[in-house]
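The values are calculated or read from the model by the stated rules, or taken from the named source; none is laboratory data. Quantities reported herein were computed from a predicted structural model and do not represent experimental measurements. Here the Cβ positions follow ideal geometry from the backbone for every residue, glycine too, while neighbour counts run over all protein chains shown. We work out accessible area using only protein heavy atoms, side chains counted, and drop any ligands, DNA or RNA first. Shrake-Rupley method; radii C 1.70, N 1.55, O 1.52, S 1.80 Å.
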Amino acid sequence: MSKALPLLEVKNLKKYYGDSSNLFRRNPEVVKAVDGVSFTIEKGETFGLVGESGSGKSTIGKSILRLSSITDGEVLYKGQNIHKLSKKDMRNLRPKLQFIFQDPYSSLNPRIRIGDAIGEALIDHGLVDKSEIRERVLEVLDICGLAPYQIDRYPHEFSGGQRQRIGIARAIILNPDFIVADEPVSALDVSIQAQIINLFSDLQKERDITFLFISHDLSVVEHLCSKIGVLYLGTMMELGSRDQLYGNPLHPYTKALLSAVPVPDPTLKRERIIIKGDIPNPADPPKGCKFHTRCPIATDMCRIEVPEFREVEANHFVACHFA
Ligand code: ADP
Ligand code: MG
């Protein structure tokens, strides 16, 4: 009867920014960037985390990999509490957990050839013999669609899409089990986005890597993710399989985000729902349902009562009084 342990379990994760213990300020501003978020990712799965800018996506990504501390909750990787691991255990685990940034250029030293930049993590972790590094770098360059001669080039000689390939190469050279990709295509032109998404898709098929794929755009995650979570001001509003979310979206926020996604068949045009207003100040989020100030169907109840995050059909959760 024992079910296989999920690769990653996030339980009631909270991350608050701002110092609430400062005695000299009466009302220190606390931003509840992540306010009690739970989800699981099975081995080999790609989980899509979606939400507008400022909703807490990057904070979740960094917290999961312990690149940032957390306020409360648990992150279990193969059943072990990541934030309770000793420095030594964490260091040993580090190569298995990788992060891909929106702009890999910012983490590339302009004076270091990309072959060295990609190989450097192998050296840092003492993972292979020096003599094998070049070969390993050439191998990942090939996997990531870069040419062998590019190994000796400098970062400025690459286009945006190629730099993202370099960012991916740096992550996969360590043979990770789990990768957080934080808006890896958001800065790229649409045509280049498609190429990088295809690269992720190939990696999913050919390597046994589990992904948390972050995007503000539901059309980007549709192709890659089997499970999707929709985040709003640090709270998960809806969580379900791709089919549930695209076929039967329940939260008004999800419906609005989806209505902006182009559909290939123009006769199936979705009704465009415009979300009114701007995202509220995260230091002072609306009471009740955090989305009520922008929701087309909100009632008095939504202004007062926080909707429970409930399972409305198998593995499909939503936080809305009217779903
Ligand atoms: P997203 O990635 O979805 O755009 P973030 O996780 O970057 O969202 O940010 C969530 C909220 O936390 C935002 O309101 C942001 O301003 C705040 N925040 C993020 N990082 C910090 C920080 N280091 N210090 C203070 N506030 C932060
Ligand atoms: Mg972000």
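Here are a few things to note about the model shown:
- The length gained on full extension between E271 and Y149, counted as 0.36 nm times the residue separation minus their Cα-Cα distance, comes to 39.0 nm.
- Net lengthening on full extension, K14/T299 (0.36 nm per residue, minus Cα-Cα): 99.8 nm
- Low-density loop cleavage sites - GluC sites (Glu not before Pro) in the stretch 208-291, where at most 15 other Cβ are within 10 Å (DSSP): E271
- Note on K205 and T71: the model spin-label points, each 7 Å out from Cα along the C-beta direction, lie 4.3 nm apart.
- Stretching the chain fully between K287 and V312 yields a gain of 6.7 nm (0.36 nm per residue, less the alpha carbon separation).
- Kirkwood Rh, Cα atoms: Rg over Rh of the chain: 0.99
- Considering only G36, G277, G119, the Gaussian network model of the chain with Cα springs below 10 Å gives its largest mean-square fluctuation to G277.
- Derived scalar couplings between HN and Hα for the stretch 41-57 equal 10, 7, 4, x, 8, 10, 9, x, 10, 10, x, 5, 4, x, 7, x, 5 Hz in order, rounded to whole Hz, by the Karplus curve 6.51 cos²θ - 1.76 cosθ + 1.60 (θ = phi - 60°), x for Gly and Pro.
- Residues in the chain average 51 Å² of solvent-accessible surface per residue, probe 1.4 Å, ligands and nucleic acids excluded.
- Cα-based helix-to-principal-axis angle, 130-143 vs the chain, degrees rounded to 10: 50 degrees
- Of all the options I172, I133, I114, the one that moves most in a Gaussian network model of the chain with Cα springs shorter than 10 angstrom is I133.
- Nonpolar atom fraction for the chain, defined as the carbon and sulfur part of the 1.4 Å probe accessible area, stands at 49 percent.
- Angle between the chain longest axis and helix 190-206 axis [Cα atoms, degrees, rounded to 10]: 70 degrees
- A simple spin-label model places the labels of R94 and V128 1.9 nm from each other, with each point 7 Å out along Cα-to-Cβ.
- Amide hydrogen proximity for K43: with H placed 1.01 Å from N in the peptide plane, the residues at 5 or more positions away or on another chain lying under 5 Å are L7.
- Cross-link pairs beyond the 25 Å C-alpha cut-off, checked among K32/K88; K84/K227; K11/K87; K87/K227; K32/K62; K43/K290: K32/K88; K84/K227; K87/K227; K43/K290
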